[in-house]
Amino acid sequence: MKVQLKDIHKHFGSVHANAGVTLCVESGTLHGLLGENGAGKSTLMKVLSGFLSPDRGEILLDGKPVSFSSPAQAVELGVGMLHQDPLDFPALSVLDNFLLGCPGHWLLDRRRVRTQLMELLAQFDFQFDPEALVSDLSVGQRQQLEITRLLWLGVRVLILDEPTTAISAQQREKLFLALRKLTEQGKTVIFVSHKLEEVTRLCGKVTVLSHGKVTGEVAMPCPTDRLVRMMFGQTITIRKRSTVPIGQPILELDHLTVGDWRLEVKSLSLKVSEGEVVGLAGLEGSGQQLVMRASAGLLRPEGGRVLIAHMDMTGRPYRQFLEAGVSFMPAGRLEEGLIEGMTWTEHAALVERQLPFWVDWAMASTNAARCIQEFNIKARPATYVEDLSGGNQQRTLLALLPPHPRLLLMEHPTRGLDMESTESIWGLLLGWTRSGTAILFTSSDLDELLDRSDRMLVFFGGQARVFDARDATLEQLGEAIGGKGFE
Amino acid sequence: MGFRTTPLLLRIVAVAGALLLSGAALLLIGASPVDAFGLILSGAFGSPSRLAYVITAWVPVLLCSAGLLVTFAAGLWNIGIEGQVVMGAVFATGAIQALQNTLPPASVLLLAALAGLLGGALWGVFVGTLRFYGNVSEIFGGLGLNFIAGSLTVYLVLGPWKRPGIGSTSGTQPFPPSLWLPAFKGFHVSPVEILLGLGAIAAIAVILRGTRFGLQLKAVGKNQRSAFLMGIPIERRMLLAFGLCGGLAGLAGWVLIVGTSARHNLFPLISSGYGFLAILVVLLADLNALWSVPISFFFAAIAMGSLQLPLQRQLDSSLGGVIQGMLVLFVLITQGLQSRFIRQERR
């Protein structure tokens with residue numbers, strides 16, 4: 001089935017996630033969709049699979065315009081999507097999951113469906129027991145189940161959104177074989193990824209998205225540096241970083257192993273010293289968040305040690321990290337940082353270090369006014385934090401930190417902020433590094449990483465490579481983020 | 001969200017709607033709404049002794065409301081408050097039984113109050129412990145503990161604490177009048193009760209507004225994750241909230257044992273739904289301490305006034321509960337519609 005998207009627009013509030021995307025995928029091909037986080041890949045694919053409806057634009061299947069009101073309708077017309085996180089029912093058996101999506105029948109013919117399922121599974125060399133509980137399957141097997149289910153429902157266009165993030169190398173090979181087989185059968189596969197190597201290996205043609213627009217379409221094979229340029233743009237500037245003297249190590253990760261259900265960072269060692277700024281790069285979910293949260297005492301390491309100012313803090317509670325001078329600034333400003341429904345003054349009173357029984361509201365208000373001025377925040381003490389702009393919320397988070405943290409851990413400190421806010425925040429932070437604060441931050445903005453860090457760690461699939469910010473280039477960084485140089 | 005922040009017009013609509021629908025329910029069973037509402041009013045305020053009854057029913061609701069203001073501030077649904085009232089009554093009864101022959105009555109009453117406070121607080125902290133260490137939602141944990149507390153009273157009343165000779169579910173042996181709270185002459189209300197109820201609400205209002213604990217509770221209730229990252233020990237704060245609420249509920253249990261309208265003994269179902277009524281009060285008052293005072297009074301008046309229905313007409317006193325429930329539903333509905341309307345406008 002031939003898929004055409006014409007001039008697709010999709011807004012989320014003020015974010016223009018798809019700004020006029022036009023894309024054509026020929027029948028029976030394996031087409032790659034490449035782009036960094038937030039480039040608009042997932043949005044575009046959700047539009048194509050009926051999860052989102054576009055604000056503007058047209059979808060054509062085999063030349064006929066279609067519009068979906070739901071994912072089920074898209075499946076009926078032949079378009080199915082495999083999501084990054086499996087959308088199945090872990091408490092049910094494989095066969096029950098299969099039957100749940102079965103349209104239009106009140107009475108279920110378990111035996112017939114079971115035979116069909118077994119045939120499909122055998123065809124793609126997927127091995128698992130139809131009576132097993134889905135919760136007992138690996139993520140890879142759950143994907144296989146979902147693919148089988150979509151095919152069984154008659155899907156002729158299969159979209160896979162970052163399918164390889166959580167599966168083993170072995171299962172990846174199996175998946176790739178299955179995808180090739182599908183195209184041989186005349187089915188169309190759209191493979192969404194940020195991994196250069198996979199896209200290069202697997203796809204016949206690749207479309208690159210950046211900031212909601214198509215920045216290039218190339219037939220494979222194609223040199224990776226060209227793809228990187230299309231993904232990240234071409235700005236190459238000369239980097240300057242003021243020289244702040246580097247002091248004693250504050251954060252020491254000693255063969256740290258930390259993981260969650262989908263990813264593990266194994267045996268990472270890192271030292272961050274007074275006055276130093278270390279940037280963590282990589283696409284979302286490559287391991288940098290795990291390292292960040294383990295350093296903050298929010299995630300218990302599975303192995304190795306975390307030292308703060310030479311003191312072994314491994315496995316200690318978060319409060320002790322706070323007391324040791326570690327400050328963590330989460331990415332979700334209103335989710336994990338500030339408290340919606342409370343005013344600036346109330347926040348100021350909450351983080352007051354001394355422990356009086358009574359809150360002195362007059363003093364809290366004065367303190368708040370002083371902080372607001374000092375950090376150049378557009379707010380009044382009585383302003384509710386949710387009414388602040390993103391930049392002002394970010395500065396509020398900084399203002400609420402204890403003065404002169406020894407180690408400052410920040411997730412995406414300037415995400416979504418304009419140039420001016422970004423400059424003012426880094427100005428503040430630079431001042432702190434001069435008085436000895438060590439900074440570890442994650443960012444998806446390569447320029448920010450290169451501009452602000454002394455060193456960078458690029459994460460890919462849980463592994464990390466170290467770069468010196470003084471002689472690293474945007475291309476190197478981009479390629480590393482896409483997986484070049486990793487095993 | 002609550003009565004306080006709803007625009008005046010909507011509040012009137014809500015109250016009118018509740019009365020209309022309750023009236024319709026009355027018509028359905030062939031009674032005159034005007035007559036029934038009149039009876040409730042005169043039943044509540046018709047004579048000084050009736051007003052006294054309303055006031056004595058008001059106090060336990062006030063105490064429970066004060067406690068619930070704390071748990072609601074922390075974002076917790078303390079459904080277990082009924083059980084906490086019961087445990088307060090059980091502990092208070094136990095203290096009185098153990099001490100009544102050895103200490104002067106005033107000391108016995110005071111120690112019984114402390115025992116009631118302790119009993120309720122322990123039962124409350126138990127709910128919190130189940131939540132934090134057993135991963136049991138406070139709603140289910142509280143509900144389960146309500147049943148256990150209720151069964152415990154039945155066991156005590158029929159077993160260890162049964163009346164000499166005949167053990168019956170009508171309760172334990174009543175305490176002598178020396179262990180009743182002293183009432184005004186000619187107005188059967190104890191100043192101790194009133195001071196306790198109003199004092200509790202005032203104290204909670206001050207704690208929530210003016211102390212660091214209150215501020216931290218508010219933060220925990222609005223966003224646990226942010227509060228945790230700011231370094232607030234959220235579990236300890238929540239346990240303390242449960243303890244405080246349970247303690248006040250336990251005091252309500254004590255009032256139900258020794259108060260002026262009490263039967264002066266322990267009997268099954270002693271909590272009489274006052275805890276649940278207080279949940280409605282606090283919801284309607286939008287978690288505002290000041291507003292819970294008149295609203296709880298109003299609810300107590302409806303509850304006591306409707307007792308006249310079966311006495312003077314062939315109507316069931318549960319009509320009072322119908323009106324109370326309708327009120328809360330209507331206020332919540334108008335608010336729900338209002339916020340939905342506003343959200344749509346924003347889109």
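Assorted remarks:
- Of the numbered criteria (1) among the aliphatic types (A, V, I, L, M); (2) in a helix (DSSP H, G or I); (3) surrounded by fewer than 21 Cβ atoms within 10 Å (Cβ to Cβ), the one A:L227 fails is (3).
- Any chance A:A464 is outside any helix (DSSP H, G or I) and within 30 Å of A:L227 (Cβ to Cβ): yes
- Meets criteria (more than 14 Å from every other protein chain (Cβ to nearest Cβ) and touching a residue at least 24 places away in the same chain (Cβ under 8 Å)) for A:P405: no
- Out of A:R465, A:R470, A:R452, A:R434, sole residue that is surrounded by 23 or more Cβ atoms within 10 Å (Cβ to Cβ) and among the basic types (K, R): A:R452
- For the stretch A:271-376, the strands (runs of 3 or more DSSP E) that sit wholly inside it and include 1 or more residues that are among the aromatic types (F, W, Y) and within 8 Å of another protein chain (Cβ to nearest Cβ) are A:326-329.
- Only one entry in A:V272, A:V244, A:V258 is modelled with pLDDT under 80 and under 30 Å from A:H404 (Cβ atoms), namely A:V244.
- If you go through the stretch A:138-172 and pick out every residue that is assigned to a loop (DSSP other than H, G, I, E, B), farther than 18 Å from A:E197 by Cβ and among the aliphatic types (A, V, I, L, M), you end up with 2.
- A:K266 among the charged types (D, E, K, R), in contact with a Pro (Cβ under 7 Å, 6 or more places away or on another chain), more than 14 Å from every other protein chain (Cβ to nearest Cβ) and part of a strand (DSSP E or B): no
- Count of the stretch A:244-295 residues which are polar (S, T, N, Q) and either buried (at least 22 other Cβ atoms within 10 Å of the Cβ) or under 15 Å from the mean Cα position of the chain (by Cα) (or both): 4
- Among the residues of the stretch B:212-243, those that are within 18 Å of B:S65 (Cβ to Cβ) and more than 10 Å from chain A (Cβ to nearest Cβ) comprise B:L217, B:A241, B:F242, B:G243.
- Only residues that are surrounded by fewer than 18 Cβ atoms within 10 Å (Cβ to Cβ) and within 14 Å of chain A (Cβ to nearest Cβ) were counted across the stretch B:164-211, and they come to 5.
- Elements of type helices (runs of 4 or more DSSP H) in the stretch B:1-119, at least 1 residues being surrounded by 15 or more Cβ atoms within 10 Å (Cβ to Cβ) and within 20 Å of the chain's Cα centre (by Cα): B:33-45, B:48-73, B:81-99
- Extreme residue, surrounded by the most Cβ atoms within 10 Å (Cβ to Cβ), among residues of the stretch A:348-398 that are free of Cβ contacts under 8 Å to residues at least 24 places away in the same chain and acidic (D, E): A:E352
- Exactly one residue out of A:S424, A:S365 is in the same structural domain as A:R319 (by TED's automatic domain parsing) and either at pLDDT 85 or above or over 22 Å from B:L229 (Cβ atoms) (or both), and it is A:S424.
The values are calculated or read from the model by the stated rules, or taken from the named source; none is laboratory data. What you are looking at is a predicted structure, and each value in this text was computed from that prediction instead of being measured. Heads up, the Cβs are rebuilt from the backbone with ideal geometry, glycines too, and the neighbour counts pull from every protein chain shown.
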